[in-house]
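Below: one structure, written as structure tokens.
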Amino acid sequence: ASAYVTSAFRIAWYKVHMPVYYYASWLSCKATDVDVITMINGYDAIRNKMIEIENKGKDATNKELGTLESLHVCLEATARNIKFLNVNLYKSEATTYVVNSDNDIIPPFNAIDGLGDVVAKKIVEERNKREFLSVEELQTRCKISDTLIEIMRNMHILDGMDESNQLSLF
């Protein structure tokens, strides 16, 4: 029993004194389902999504209930002025949330709905070899589906990248 109490005190200390690390750690270890787009949009979006899921009552799916649990933690974090930044092609990790500064957390690639751990790890592995020159090269090197590329475009992760490696002379 004393080990559990000691562990609880450690967790509480981090939650009070180093909250950004607490939330990044909780999301990396405990979160099963997250809605990264809602997280990025801040407090009001998180609150509205929670109300939407709660209004479904018993009709809510298991995935939505898992998302609701994650959103509770994210709502608390945003109320404490911690921001969730967008997934970043060169800063995000495969499966762990990254603390960017005292108040910023960058979600991992696997937080994108439909993007699994294998593809997430492949993106990190390939970006460490060399920079991606185009969306086409990213898709080929990391074996990302067209659907996921479209989701990444909609999330503005691929902004500023050329579509292909082809050079235009005109």
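The values are calculated or read from the model by the stated rules, or taken from the named source; none is laboratory data. It should be emphasised that the depicted structure is a prediction, and the values quoted were computed from it without experimental measurement. Cβ: placed from backbone, ideal geometry, glycine included. Neighbour counts: every protein chain shown. These area figures cover heavy atoms from the full protein model, side chains too; ligands, DNA and RNA do not enter into them. Shrake-Rupley method; radii C 1.70, N 1.55, O 1.52, S 1.80 Å.
General observations
- Whole-number percent relative contact order across the chain, with pairs defined as alpha carbons under 8 Å at least 6 apart: 19
- Per-residue HN-Hα couplings for the range 37-43 [Karplus 6.51, -1.76, 1.60; θ = phi - 60°; Hz; x = Gly/Pro]: 5, 5, 4, 5, 7, x, 4
- Correct choice for semi-axes √(5λ) of the Cα gyration tensor in Å that was computed from the model, options (1) 24, 18, 17; (2) 27, 18, 15; (3) 32, 19, 15: (3)
- For residue 163, solvent-accessible area (1.4 Å; no DNA, RNA or ligand), Å²: 100
- Free of any trypsin sites (Lys or Arg not before Pro) that DSSP assigns to a loop and that have at most 13 other C-beta atoms within 10 Å, the longest stretch within the chain is 31-79.
- Heavy-atom surface analysis with a 1.4 Å probe gives the chain a carbon and sulfur content of 52 percent of its accessible area.
- For the pair residue 3 and residue 30, a Förster radius of 30 Å applied to the C-beta separation gives a FRET efficiency near 0.95, rounded to the nearest 0.05.
- Computed log10 I(q)/I(0) for the range 86-125 at 0.28, 0.29, 0.33, 0.35 Å⁻¹: -0.88, -0.93, -1.12, -1.22, from the Debye equation with unit scatterers placed on every C-alpha and solvent omitted.
- Ligands, DNA and RNA excluded, the heavy atoms of residue 21 present near 110 Å² of accessible surface to a 1.4 Å solvent probe.
- In this structure residue 54 has an accessible area near 100 Å², from a 1.4 Å probe over the protein heavy atoms.
- Cα point-scatterer Debye curve for the range 1-100, base-10 log of I(q)/I(0) at q = 0.11, 0.22 Å⁻¹: -0.37, -1.17
- A 1.4 Å probe run over the range 18-170, with the rest of the protein chains in place, finds 57 Å² accessible per residue.
- An ellipsoid equivalent to the range 60-126, defined through the eigenvalues of its Cα gyration tensor, has semi-axes of 22, 18, 6 Å when rounded to whole angstrom and sorted largest first.
- When the residues 13, 26 are ordered by accessible surface, computed with a 1.4 Å probe over the protein chains alone, the sequence from largest down reads 13, 26.
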